[in-house]
């Protein structure tokens, strides 16, 4: 299955959308790092923002203060979330388990 080639205008629009989505994800990660936003607020995502839905859970956790690659992977393994999972792909039970885990084990704004 091949995709139809994009016109220059279509490519420009797609590039703009991608840039805006990256900016949204970067803003979320920055607000997580400073404590202005919690993981629970991000994964609840009532707006259904597609840019948020495409954020990898691993990257979301690594944005928390004191959480790096190893700790984020450990949290995901403990909660039972695949390393490649994105926020949009989390099930109800995975969301609850992640928030509960962070409330119990991660001091600070992660679970609020």
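Just so it is clear, none of the values below were taken in a lab; they were calculated from the coordinates. On a predicted model such as this, the values are computed, not experimentally measured, just so you know. Cβ: placed from backbone, ideal geometry, glycine included. Neighbour counts: every protein chain shown.
The slack in the chain from residue 56 to residue 70, taken as 0.36 nm per residue of separation less the alpha-carbon distance, amounts to 3.5 nm.
The alpha carbon convex hull volume per residue for the range 8-105 rounds to 103 Å³.
Label-to-label distance, residue 23 versus residue 41, with points set 7 angstrom from Cα along the beta-carbon direction: 2.0 nm.
Can you compute the FRET efficiency between residue 2 and residue 103 using 1/(1 + (r/R0)^6), with r the Cβ-Cβ distance and R0 = 35 Å? Round to the nearest 0.05.
0.15
Think of it as helices only: each DSSP H run of n ≥ 4 in the chain is worth -39500 (n - 2.57), and spread over all residues that comes to -18500 deg cm²/dmol at 222 nm.
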